[in-house]
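Here the structure is laid out as structure tokens; the discussion comes afterwards.
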Amino acid sequence: MQDPNKPDLDETLNVTESHDRMLREAAAVSREKHVDEGGREPVSLWIFASCGLILIFAGLALGNIGSLGSLFDYDQTVKPGYVRLDLSEDGAKGPPPAEALAVYMKKGQKMYSSKCQGCHGGDGKGGAAAPSLVGSEWALGDTQRFAMIILNGLAGPTSTGQTFAGGMPTQKVGMAPVDLAGVMTYVRNSFGNETGDVITEEMAEHAFKLAEERSDPNAQSTKEELESKYLAPLEGEPMDPSTKIDPVTLEPVEDAAG
């Protein structure tokens with residue numbers, strides 16, 4: 001029977017045992033790894049130690065101290081034959097001069113890859129969408145005619161009488177004279193073509209002028225128009241393909257080695 005003086009206690013409850021059990025459980029909980037509210041834990045000491053070692057080694061390397069300095073030694077890291085650019089006031093002159101044909105070919109290859117390769121192919125042999133440029137009469141012949149085809153596109157038959165659906169669209173959008181000069185030089189000296197000449201930026205500027213003077217500058221060229229108006233070379237001073245020029249300005253420079 002429940003003691004009326006202890007209304008909240010069960011007669012069978014052993015208070016001493018319950019108290020001891022509670023103390024044991026509290027001690028066990030306190031021995032568990034502490035976790036802050038929100039799931040944040042203290043950073044382990046080994047992480048601090050690892051970061052410290054990394055910072056020490058990085059400092060030694062960057063500071064060129066001891067044997068670790070070789071990690072950033074110029075002679076240890078560059079390729080053989082590589083020439084370091086002289087950044088002194090007298091030495092910061094940009095890339096060295098190169099032969100005109102090589103410079104224009106390099107520029108033209110990039111332009112060909114972005115504007116022409118999709119239709120004419122990487123080998124210049126064309127296909128179902130465009131004629132071959134290998135040995136092409138129009139590509140290797142009069143430079144005014146070739147320039148007009150590139151700038152204005154082409155509608156109707158090609159030099160071989162072939163006709164392609166839609167013809168060739170204009171390529172002058174986003175193209176500067178130096179781009180036209182490069183791609184013309186590239187096509188005329190690639191895929192087995194060997195005219196050996198350089199279409200200069202000056203000549204390409206003349207081509208842009210001709211294109212703007214057409215009665216309809218936005219119309220595609222036709223075989224009839226090309227054969228009646230543009231059977232002539234582009235105006236401009238011819239350049240010897242072996243002339244050394246500045247790859248940036250494209251201006252002839254004195255060959256110091258010569």
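The values are calculated or read from the model by the stated rules, or taken from the named source; none is laboratory data. Note that this is a predicted model, so its numbers are computed, not measured. All Cβ positions, glycine included, derive from the backbone under ideal geometry; neighbour counts span all protein chains shown.
In table form, for the structure just shown:
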| item | result |
| --- | --- |
| Complete set of residues in segment 155-191 that are over 23 Å from the mean Cα position of the chain (by Cα) and among the β-branched types (Val, Ile, Thr) | Thr158, Thr160, Thr163, Thr170 |
| Selection from segment 148-196 of residues that are under 14 Å from Gly108 (Cα atoms) and of a type in the set (Asp, Glu) | Asp179 |
| Single match in Val173, Val253 (criterion: of a type outside the set (Gly, Ala, Ser), surrounded by fewer than 18 Cβ atoms within 10 Å (Cβ to Cβ) and touching an Asp or Glu at 6+ places or on another chain (Cβ under 8 Å)) | Val253 |
| Output for segment 159-194, where each listed residue is touching a residue at least 24 places away in the same chain (Cβ under 8 Å), out of contact with any Phe, Trp or Tyr (no Cβ under 7 Å at 6 or more places or on another chain) and polar (S, T, N, Q) | Thr160, Gln162, Thr170, Gln171, Asn189, Ser190, Asn193 |
| Verdict on Glu237 being acidic (Asp, Glu), assigned to a helix (DSSP H, G or I) and either surrounded by 18 or more Cβ atoms within 10 Å (Cβ to Cβ) or assigned by TED's automatic domain parsing to the domain that holds Lys115 (or both) | no |
| Test: Val43 is farther than 25 Å from Ser242 by Cβ and either at pLDDT 65 or above or not assigned by TED's automatic domain parsing to the domain that holds Glu235 (or both) | yes |
| Within segment 179-208, tally of residues that are crowded, with 17+ Cβ neighbours inside 10 Å and part of a helix (DSSP H, G or I) | 16 |
